[in-house]
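Each reported figure results from applying straightforward, stated rules to the coordinates on display, with no laboratory input. Only a predicted model underlies this, so the values are computations on that prediction, with no experimental measurement involved. Cβ sites come from the backbone with ideal geometry, for glycine too, and all protein chains shown count toward neighbours.
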Amino acid sequence: MSGHSGEAWVVDASVAVKWFLPADHEPEADLARGIMGSLPLCTTTLAYYEAGNALTKRGRMKPQQVRECLETIASTCGPPVDMTAVDYEEAATLAGQYKITFYDASYVAIANRLNRTVVSADRDLLDPGLAVDLAGIAAP
């Protein structure tokens, strides 16, 4: 891994869905799959809802396939991390400060509490420096 050796990561849904969609339809899918099992990853409860929604719509997957994908997220990232009362305020602050959704800000708030970094493909998180992209953590 590049300069982030030893870091722990919070994966958002924009990265998690890349694990399951074809590389020819999903930019950086190969990079996303490359971090599975090679980095300490966790994700949030929200990621399951967002990934399930994306896989159902974009992936046009059958319910059993969506279930299997979400089970893979669980086995890769461990149990989902819930927001706490502390996260509510920080997410609201971040959402207002960076003009992003509360959803996106929740990943950052949880990552901050856990002393982790968000890995994302979402420009709303990447552009203000609230997350690191896949190319920034993948081996050259």
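Below, the figures for the structure above:
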| read-out | value |
| --- | --- |
| Shape metrics for the chain, restricted to C-alpha atoms - Rg then Dmax, Å | 14.3, 40 |
| Highest-MSF residue in the chain out of S120, S106, S38 [GNM, Cα springs under 10 Å] | S38 |
| Mean separation of Cα contacts under 8 Å (6+ apart) over length of the chain, as relative contact order % | 33 |
| Span from the segment 112-134 Cα centroid across to the segment 54-90 one, whole angstrom | 17 |
| Interchain or long-range residues, amide H under 5 Å from V118's placed H | V10, V132 |
| Projected label distance in nm at E68 and E89, using a 7 Å step from Cα toward the beta-carbon | 4.6 |
| Note, ³J(HN,Hα) from phi for segment 8-19, Karplus 6.51, -1.76, 1.60, rounded to Hz, x at Gly and Pro | 10, 10, 10, 8, 8, 5, 5, 8, 4, 5, 5, 5 |
